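Single-structure report; data block below.
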Amino acid sequence: MTNNNKPMKSDDSEFRPVKAETILPTKTVGIECLKEANPETMSPHRNIFKWFARRPTAATRLALLASILPEDTTNDELLKLMCVGPNKKLSGSISDYVLQKYSTKDNRSGSIEEHFEYDYPHRRVPSENRLSEFHDTLREQWDGELPTVIDPTSGGGTIPLESLRYGLPTIANELNPVAWLLNKVILDYAPTVGSIESDVREWMEDIEAKVREELEEYFPKRNGIAPDHYYRAYSIKCPSCGERLPISNRWYFNRRRDAAIYPTLNEGELEFQVIDPSKTDTREGYDPSGGSVSGGDAECPFCEVVTERSEIVELFNNGEFEFEVCGVRYEKTIAGTKYHSPRKADKEAIQRAREKVDSDLRLSTLLATERYEGYYDRAVPYGVEQWRDVYSPRQLLTHATYLEAFEEVKADIIKQHSEKESELILILLSFISVKLIRRNSRLNPITADYGSPDNMLGNNNFSFQWHFGESNLMTGTYSYQSEADNVLESYEDTADYVDHIDDAADVHQGDAGDLPLEDASVQSVVIDPPYGDNIMYSEIADAFHVWLREYLGDIFVDAFGPPETNKTDEAVENPVIVNPEEGQSTAEAARERYENKMGDIFSEAFRVLQPGEH
């Protein structure tokens with residue numbers, strides 16, 4: 001971004017152009033972005049906590065470095081600084097080399113790194129000597145000082161993280177408190193506190209011990225083997241025959257393992273069996289690839305009468321439905337399979353969990369706050385009106401038990417560690433627990449091909465699911481321990497990425513259209529702004545916010561004090577929060593508001609940018 005109002009510096013010399021004003025190696029960088037697109041090859045900070053915009057490291061470095069390097073920097077010099085290209089002498093340019101390697105990648109015998117002969121750029125920064133030379137070049141370009149870089153809408157933090165890794169004075173600003181907290185971790189705590197895994201794991205042991213004592217009775221074992229997760233669905237009273245009408249849009253539990261749910265009536269009681277549909281005699285019309293629900297209407301498998309969607313919606317809104325447990329996957333094979341029909345013990349455990357939630361004052365009111373019904377919300381019409389409604393009773397009990405165990409150790413953590421260490425430990429412990437809601441809610445279906453709970457926010461919206469996966473967080477695929485491994489490994493790798501950095505970035509939480517900075521105080525604005533109506537960040541981040549508020553609201557009062565995230569100041573095309581003028585459509589009003597908001601953000605960036613800078 002450039003401010004051209006003043007074409008001369010204070011000493012009346014001409015401003016020095018920067019690399020961004022020349023032809024850049026965009027095709028080469030595009031290839032690097034494609035290489036990094038796999039979740040397993042992304043920068044580790046993206047796995048510390050869920051955020052919804054994943055900016056590739058290579059594109060970030062290109063924008064960042066091109067905005068501050070002098071105009072005469074060659075593309076090869078730029079790419080070397082970006083850590084693109086092999087550490088050997090080439091006969092041609094780095095771009096030619098990368099393009100040639102990309103054209104032959106499908107014929108390689110080894111990994112992508114082995115084929116290209118260099119690691120992914122995000123795993124490296126220039127050597128200490130090279131960074132020192134880079135800083136010398138910048139000081140010549142910027143009158144003896146290193147340029148300050150700001151990202152006013154920092155999101156998941158990739159831009160400010162890369163700025164920090166190159167040793168630049170860095171400022172990050174983010175409106176959403178969930179993303180802001182992630183920025184605090186990678187830009188403030190990681191470079192100043194560093195490694196913390198051993199401390200976090202010690203407190204995890206206390207939390208897990210407390211949780212197991214409270215929760216194990218609600219997840220009964222079979223032959224000594226714990227359940228991994230459950231296939232859950234619903235039932236309503238069939239308006240035609242009066243029997244329980246099982247509600248699901250697909251009966252396959254795991255297609256690849258030939259495990260499917262088969263609903264039956266046994267002396268008037270609805271029961272569910274896990275069968276191999278290719279080896280089991282079933283009633284006419286049963287198809288495990290489908291279910292009782294199609295297009296929102298439900299056909300009773302026992303009387304074959306269809307109940308229309310409108311009536312089903314009304315029943316769910318009125319709470320006239322039952323949660324059903326239809327199948328169980330165990331963590332180990334039992335009698336040749338991990339997939340089994342629910343037993344009496346499973347049903348009784350679910351009933352005890354419901355009674356526990358109803359009888360406990362705190363549990364009966366936890367998250368009893370109205371949900372913001374956003375433009376892409378498809379759950380509210382089915383009675384998912386409060387945040388507690390996102391969970392079945394046992395799921396709510398599970399998440400609440402982890403929260404209570406956390407609260408029991410919270411004071412000791414604060415007492416036994418320094419302020420910054422204790423804050424980081426509490427944040428990471430919170431991240432571990434709160435990330436688990438993605439695979440343990442009523443809004444995450446079971447994947448047909450793998451038979452495991454899918455991601456609640458996989459489509460960046462809240463969609464009601466006719467069946468859902470329930471995880472046993474004490475063990476198995478999506479357990480507290482497995483999520484801890486993910487979070488802590490990602491954090492430790494990120495801390496290693498900034499181990500050579502002494503100073504933290506400045507991390508602000510607030511409106512990018514009203515930055516807490518003085519006029520003309522930064523030299524470079526690097527921004528990848530929100531994408532119009534692509535993602536309603538604040539709406540979906542509320543799912544995390546309401547839990548982080550319970551965990552950390554007393555520590556980060558300004559960020560997590562409000563019951564929901566700020567939607568008024570968010571720069572997105574949100575049709576829900578606009579009031580169209582006469583003759584204007586909602587979409588037009590939302591677009592106009594978004595453009596005006598982005599105009600405010602760019603104007604504010606212009607204000608804080610030194611005249612003539614980028």
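The values are calculated or read from the model by the stated rules, or taken from the named source; none is laboratory data. Predicted, not measured: the structure shown is a model, and the values here were computed from it. Note that each Cβ is placed from the backbone with ideal geometry, even for glycine, and that neighbours are counted across all protein chains shown. Side chains are part of the model used for accessible areas, which takes the heavy atoms of the whole protein and leaves out ligands, DNA and RNA. Shrake-Rupley method; radii C 1.70, N 1.55, O 1.52, S 1.80 Å.
Could you list, in sequence order, the residues of the range 542-572 that are assigned to a helix (DSSP H, G or I) and in contact with a Pro (Cβ under 8 Å, 6 or more places away or on another chain)?
Within the range 542-572, the first condition is being assigned to a helix (DSSP H, G or I), and the residues that meet it are 542-552, 557-560.
Scanning the range 542-572 gives His545, Val546, Leu548, Arg549, Ala559, Phe560.
Within the range 176-199, which residues are out of contact with any strand residue (DSSP E or B) (no Cβ under 9 Å at 6 or more places or on another chain) and open to solvent by 10 Å² or more (accessible area, probe 1.4 Å)?
Within the range 176-199, Pro191, Thr192, Val193, Gly194, Ser195, Glu197, Ser198, Asp199 qualify.
Give Asp136, Asp143 a once-over and let me know the one that is modelled with pLDDT under 95, open to solvent by 10 Å² or more (accessible area, probe 1.4 Å) and over 17 Å from the mean Cα position of the chain (by Cα).
Answer to the check: Asp143.
Mind counting the residues in the range 486-541 that are under 15 Å from Lys567 (Cα atoms) and assigned to a strand (DSSP E or B)?
Within the range 486-541, residues that are under 15 Å from Lys567 (Cα atoms) and assigned to a strand (DSSP E or B) number 1.
How many residues are closer than 22 Å to Tyr339 by Cβ and assigned to a loop (DSSP other than H, G, I, E, B) if we restrict to the range 262-308?
Residues that pass the stated criteria total 16.
Give the residues of the range 293-322 that are in contact with a helix residue (DSSP H, G or I) (Cβ under 6 Å, 6 or more places away or on another chain) and open to solvent by 50 Å² or more (accessible area, probe 1.4 Å), sorted by residue number.
Once the filter is applied, which keeps residues that are in contact with a helix residue (DSSP H, G or I) (Cβ under 6 Å, 6 or more places away or on another chain) and open to solvent by 50 Å² or more (accessible area, probe 1.4 Å), the range 293-322 yields only Asp297.
Just checking, which of Ala505, Ala520, Ala484 is open to solvent by less than 30 Å² (accessible area, probe 1.4 Å), touching a Lys or Arg at 6+ places or on another chain (Cβ under 9 Å) and touching a residue at least 12 places away in the same chain (Cβ under 8 Å)?
Exactly one of Ala505, Ala520, Ala484 is open to solvent by less than 30 Å² (accessible area, probe 1.4 Å), touching a Lys or Arg at 6+ places or on another chain (Cβ under 9 Å) and touching a residue at least 12 places away in the same chain (Cβ under 8 Å), namely Ala484.
Considering only the range 25-69, state which residues are open to solvent by less than 20 Å² (accessible area, probe 1.4 Å), closer than 16 Å to Asp119 by Cα and in a loop (DSSP other than H, G, I, E, B).
Glu36, Ser43
Exactly one condition in (1) assigned by the TED database to the domain that holds Leu65; (2) open to solvent by 30 Å² or more (accessible area, probe 1.4 Å) is false for Glu202; which is it?
(1)
Please enumerate the residues belonging to the range 415-431 that are open to solvent by 10 Å² or more (accessible area, probe 1.4 Å) and part of a helix (DSSP H, G or I).
Lys415, Gln416, Glu419, Lys420, Glu421, Glu423
Restricting attention to the range 378-388, does a residue exist that is touching a residue at least 40 places away in the same chain (Cβ under 8 Å) and open to solvent by 50 Å² or more (accessible area, probe 1.4 Å)?
Yes - at least one qualifying residue is present in the range 378-388.
Just to check your reading of the model, which residue among Glu21, Glu117 is surrounded by fewer than 22 Cβ atoms within 10 Å (Cβ to Cβ), touching a residue at least 24 places away in the same chain (Cβ under 8 Å) and at positive phi?
Glu117 is the lone residue from the list that is surrounded by fewer than 22 Cβ atoms within 10 Å (Cβ to Cβ), touching a residue at least 24 places away in the same chain (Cβ under 8 Å) and at positive phi.
Looking only at residues that are of a type in the set (S, T, N, Q) and either in a loop (DSSP other than H, G, I, E, B) or touching a strand residue (DSSP E or B) at 6+ places or on another chain (Cβ under 8 Å) (or both) in the range 104-136, which one is farthest from Ala495 (Cα to Cα)?
Top of the filtered list is Thr104.
Yes or no: the range 397-404 includes at least one residue that is touching a residue at least 60 places away in the same chain (Cβ under 8 Å) and in a loop (DSSP other than H, G, I, E, B).
No, there is no match, as no residue in the range 397-404 is touching a residue at least 60 places away in the same chain (Cβ under 8 Å) and in a loop (DSSP other than H, G, I, E, B).
Only one residue in Asn440, Asn472 is under 21 Å from Tyr218 (Cα atoms), more than 18 Å from the chain's Cα centre (by Cα) and in contact (Cβ under 8 Å) with a residue 40 or more places away in the chain. Which one?
Asn472
Using the structure shown, decide if Leu457 is under 21 Å from the mean Cα position of the chain (by Cα) and under 30 Å from Pro529 (Cβ atoms). Please lay out each step first, then the result.
Working: under 21 Å from the mean Cα position of the chain (by Cα): yes; under 30 Å from Pro529 (Cβ atoms): yes.
Yes, satisfied.
Does the range 532-540 contain any residue that is surrounded by fewer than 22 Cβ atoms within 10 Å (Cβ to Cβ) and at pLDDT 95 or above?
No, the conditions are met nowhere in the range 532-540.
Mind checking which residues of the range 357-370 are in a helix (DSSP H, G or I) and open to solvent by less than 70 Å² (accessible area, probe 1.4 Å)?
Within the range 357-370, Val357, Leu363, Ser364 meet the criteria.
Of the numbered conditions (1) part of a helix (DSSP H, G or I); (2) open to solvent by 50 Å² or more (accessible area, probe 1.4 Å), Lys89 fails exactly one; give the number of that condition.
The failed condition is (1).
Here's the yes/no breakdown for (1) open to solvent by 20 Å² or more (accessible area, probe 1.4 Å); (2) among the acidic types (Asp, Glu); (3) in contact (Cβ under 8 Å) with a residue 60 or more places away in the chain:
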position: Leu78; (1), (2), (3): no, no, no
position: Gly85; (1), (2), (3): no, no, no
position: Ser95; (1), (2), (3): yes, no, yes
position: Arg108; (1), (2), (3): yes, no, no
